[in-house]
Amino acid sequence: MASESTNGKQARSHVTKGRRQYQHQHQQQQQQQQQVRSRSSVSECDGDDSFIFEANEAWKDFHGSLLGFYENGELCDVTLKVGSKLISCHKLVLACVIPYFRAMFLSEMSEAKQALIEIRDFDGDAVEDLVKFVYSSRLTLTVDNVQPLLYAACILQVELVARACCEYMQLHFHPSNCLAVRAFAESHNRIDLMDMADQYACEHFTEVVECEDFVSVSPQHLHKLLSSSDLNIDSEKQVYSAAIKWLLANPQHHPKWLDETLAQVRLPLLPVDFLMGVVAKEQIVKQNLKCRDLLDEARNYHLHLSSKPVPDFEYTVRTTPRKHTAGVLFCVGGRGGSGDPFRSIECYSINKNSWFFGPEMNSRRRHVGVISVEGKVYAVGGHDGNEHLGSMEMFDPLTNKWMMKASMNTKRRGIALASLGAQYMQLED
């Protein structure tokens, strides 16, 4: 009986161990299957015994293998000769990523069958970096290699790398280099980089004008810069000074570009004393008939503002302020849907094309009269929800505050305001 009992225990122990081993193996199989599923997928087909197996991440292994072949110089079937540099690689890999080589290897060109292909007028390091990118999808950009890389990427039509170079150069714009970068971009027809450089030059216009490269820009590029409404300036005087600086440094361009360049300056927006005391006395302006016509246009604009009759006067782009000098539009007071008057104001930035809140007035005002005089905004009269108002307050942009001023003798609302001898803006509720 003891023997039978012992044998029974051993049998049960053996079965238990067997079950544990089976469970452990089953768990391992499940884990392996899960790993396979994570890297692949199986889709049922219409056929009873068929399925589609898709290795979703196998390309990483393929990619790694190709990089290894390249780094070890294995199975290479073509060598690129760039100057003294020899770069061994694979035609198929080059053709997959670089359109230039795809067209070459699929053509009847003699290079398609050559084991050694010489590429002229390229920087060897730049081409080698591009080839490494083909295999690794990684590229290190520096201040020293970005221009030769952009050149190579443009000629070889590797647009991914070309865009990365443009974005890198944008991050390193400076007033002293943006014009040179723009010229480089133009020579390679990189419209995106040209636009980036122009935008930067407009934003930093006064600094760019002081750099050596400014007088060396082409007349076509200068024309585009000076005509832009996005120039970040405090006064049109800065644009005039920039134009004269370039013109005096480039007399060879006067026959074709003198009046065309001055026409991009918005002379009507210059103060009268500057027009008569500076512009009218500039020799290159006095000696050119078309430049004198531009000066007459500016004079007529000021006569028109002073309400004097000017035959055939017309507003033009030269009478339109640039965005940075156009100022801010004020929406003052008013009332909401409930009829309650506001003391708040909203301001519209012409340059940024956006609204923002300004400092609140001291009093709530609806039907308020508003006017701008000599750079300050005045809110006069109105109604505060209980009574008519005779008070007046003034907003000074320098202090960013409203200040109470002398009140009217009579309380008024819905009034009209006018200013004599100054440009003004009027808003009425």
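The values are calculated or read from the model by the stated rules, or taken from the named source; none is laboratory data. As the structure is a computational prediction, the values presented were derived from the model and not from experiment. A quick note on method: Cβ atoms are made from the backbone with ideal geometry, for glycine too, and the neighbour counts reach across all protein chains shown.
What number of residues in the range 165-181 are in a loop (DSSP other than H, G, I, E, B), buried (at least 16 other Cβ atoms within 10 Å of the Cβ) and either modelled with pLDDT under 95 or polar (S, T, N, Q) (or both)? Write out each step before concluding.
Start the filter on the range 165-181 by keeping residues that are in a loop (DSSP other than H, G, I, E, B), which leaves 172-177.
Right, trim to buried (at least 16 other Cβ atoms within 10 Å of the Cβ) and you get 173, 175, 177.
This time we only want the ones that are either modelled with pLDDT under 95 or polar (S, T, N, Q) (or both), so: 177.
Of the residues in that region, 1 qualify.
Being of a type in the set (A, V, I, L, M) and over 15 Å from GLU282 (Cβ atoms) narrows it down to one residue among LEU258, LEU231; which is it? Reasoning before the result, please.
On the way: LEU258 fails: over 15 Å from GLU282 (Cβ atoms).
Selected residue: LEU231, the only one of LEU258, LEU231 that is of a type in the set (A, V, I, L, M) and over 15 Å from GLU282 (Cβ atoms).
Can you list the strands (runs of 3 or more DSSP E) found entirely within the range 1-120 that contain at least 1 residues being closer than 26 Å to ALA152 by Cβ and modelled with pLDDT of 90 or more? Outline the logic, then answer.
Numbers: elements: 40-44, 51-55, 78-82, 85-89, 116-118.
Correct list: 78-82, 85-89, 116-118.
Of the numbered conditions (1) among the acidic types (Asp, Glu); (2) crowded, with 18+ Cβ neighbours inside 10 Å; (3) out of contact with any Lys or Arg (no Cβ under 9 Å at 6 or more places or on another chain), GLU236 fails exactly one; give the number of that condition.
Unmet for GLU236, out of (1) among the acidic types (Asp, Glu); (2) crowded, with 18+ Cβ neighbours inside 10 Å; (3) out of contact with any Lys or Arg (no Cβ under 9 Å at 6 or more places or on another chain): (3).
Within the range 182-233, count every residue that is part of a helix (DSSP H, G or I), under 15 Å from the mean Cα position of the chain (by Cα) and either in contact (Cβ under 8 Å) with a residue 40 or more places away in the chain or buried (at least 16 other Cβ atoms within 10 Å of the Cβ) (or both). Lay out the reasoning, then the answer.
Of the range 182-233, the ones part of a helix (DSSP H, G or I) are 182-187, 191-203, 205-209, 212-216, 219-227.
Then keep just the ones that are under 15 Å from the mean Cα position of the chain (by Cα); that gives 182, 191-203.
When the remaining residues are screened for being either in contact (Cβ under 8 Å) with a residue 40 or more places away in the chain or buried (at least 16 other Cβ atoms within 10 Å of the Cβ) (or both), the result is 182, 193-194, 196-198, 200-203.
Here the count works out to 10.
Take PHE330 and tell me if it is modelled with pLDDT under 95 and farther than 16 Å from LEU226 by Cβ.
Working: modelled with pLDDT under 95: yes; farther than 16 Å from LEU226 by Cβ: yes.
Considered against the rule, which asks whether it is modelled with pLDDT under 95 and farther than 16 Å from LEU226 by Cβ, PHE330 comes out as yes.
State yes or no: is GLU387 among the acidic types (Asp, Glu) and under 30 Å from ARG266 (Cβ atoms)? If you could, list the steps in order and put the result at the bottom.
Numbers: among the acidic types (Asp, Glu): yes; under 30 Å from ARG266 (Cβ atoms): no.
The answer is no for GLU387.
Taking the range 367-395 on its own, how many of its residues are surrounded by 16 or more Cβ atoms within 10 Å (Cβ to Cβ), of a type in the set (D, E, K, R) and farther than 29 Å from THR325 by Cα?
Selection size over the range 367-395: 1.
Consider VAL265 against the criteria (1) part of a loop (DSSP other than H, G, I, E, B); (2) touching a residue at least 12 places away in the same chain (Cβ under 8 Å); (3) surrounded by fewer than 18 Cβ atoms within 10 Å (Cβ to Cβ): it satisfies all of them except one. Which criterion is unmet?
(3)
Considering only the range 155-166, I want to know if a residue exists there that is closer than 15 Å to TYR200 by Cα and not acidic (Asp, Glu). Walk me through how you get there before you give the answer.
Keep residues of the range 155-166 that are closer than 15 Å to TYR200 by Cα, which gives 166.
Then keep just the ones that are not acidic (Asp, Glu); that gives 166.
Within the range 155-166, one or more residues are closer than 15 Å to TYR200 by Cα and not acidic (Asp, Glu).
Any residue at all in the range 143-156 that's closer than 27 Å to GLU186 by Cα, of a type outside the set (Phe, Trp, Tyr) and loosely packed, with under 12 Cβ neighbours inside 10 Å?
Restricting attention to the range 143-156, the residues satisfying the condition of being closer than 27 Å to GLU186 by Cα are 143-156.
Next, from what is left, pick out any that are of a type outside the set (Phe, Trp, Tyr): 143-150, 152-156.
Remaining after also requiring loosely packed, with under 12 Cβ neighbours inside 10 Å: 143-144.
Within the range 143-156, one or more residues are closer than 27 Å to GLU186 by Cα, of a type outside the set (Phe, Trp, Tyr) and loosely packed, with under 12 Cβ neighbours inside 10 Å.
Residues being in a helix (DSSP H, G or I), in contact with a strand residue (DSSP E or B) (Cβ under 8 Å, 6 or more places away or on another chain) and closer than 24 Å to VAL181 by Cα: count how many of those fall in the range 121-150.
Final tally of qualifying residues: 4.
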